[in-house]
Amino acid sequence: MKRLVEGQDRRQLILLPDCLDDYVGEDNPVRMVDAFIDELDLAVLGFAGVIPEATGRPSYHPVTLLKIYLYGYLNRVQSSRRLEREAQRNIELPAGSGLRFRNSA
């Protein structure tokens, strides 16, 4: 049983265009953030929560959160509430992180 909140697969087929990745250009910095963080071993770097707890509500995966915070840093968005609004209005953030926001602040 998985104990982490899973994001949506950004390659999932949707109506026009075929997938969410098609909305984001090949030279967009969000692709660099995605590729860079996917290569990191967060457990070795000391991130807590990489291995989920057996009890309680599932948390967001640290990889997903790090992608969101790095995106915010690159785009000068410091507040978690502003990052949440950014994720709702800008297609780059869900495309890069794979997460659909309801409330992350």
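Residue by residue through the stretch 73-88, which ³J(HN,Hα) values in whole Hz follow from phi under the Karplus form 6.51 cos²θ - 1.76 cosθ + 1.60 (θ = phi - 60°), with glycine and proline marked x?
Calculated HN-Hα couplings, in order: 4, 5, 10, 6, 10, 8, 6, 5, 5, 5, 4, 5, 4, 4, 5, 7 Hz.
Please state the charge dipole magnitude for the stretch 4-97, taken about the Cα centre, from unit charges on C-beta atoms (+1 on K and R, -1 on D and E), reported in debye and rounded to the nearest 20.
The dipole magnitude comes to about 560 debye.
Compute the distance in nm between two label points, each set 7 Å from the Cα along the Cα-to-Cβ direction, one at Asp38 and one at Arg81.
Here the modelled spin labels are 3.4 nm apart.
If I model a spin label at Tyr73 and Leu45 as a point 7 Å from the Cα along the Cα→Cβ vector, what separation in nanometres do I get?
0.8 nm
Would you mind checking which residues have amide H under 5 Å from Val5's amide H? H placed 1.01 Å from N; only 5 or more apart, or other chain.
Counting only residues 5 or more places away or on other chains, the set is Ser59, Tyr60, His61.
Within 10 Å of each residue's Cβ, count the other Cβ atoms and sort Tyr73, Tyr60 from fewest upward.
Fewest to most other Cβ atoms nearby, the residues stand as Tyr73, Tyr60.
Can you list the HN-Hα couplings for the stretch 28-33, worked out from phi with the Karplus curve (6.51, -1.76, 1.60; θ = phi - 60°), rounded to whole Hz and with x for Gly and Pro?
Couplings: 6, x, 5, 5, 5, 4 Hz.
How much length is gained if the chain between Arg11 and Thr55 is pulled fully straight, taking 0.36 nm per residue apart and subtracting their Cα-Cα distance, in nm to one decimal?
Computed gain between Arg11 and Thr55 is 12.8 nm.
Taken together, the values in this text are just the output of simple stated rules run on the coordinates, not laboratory data. Since we're looking at a predicted model, the values are computed, not measured. Here Cβ is always computed from backbone atoms with ideal geometry, including for glycine, and neighbour counts include all displayed protein chains.
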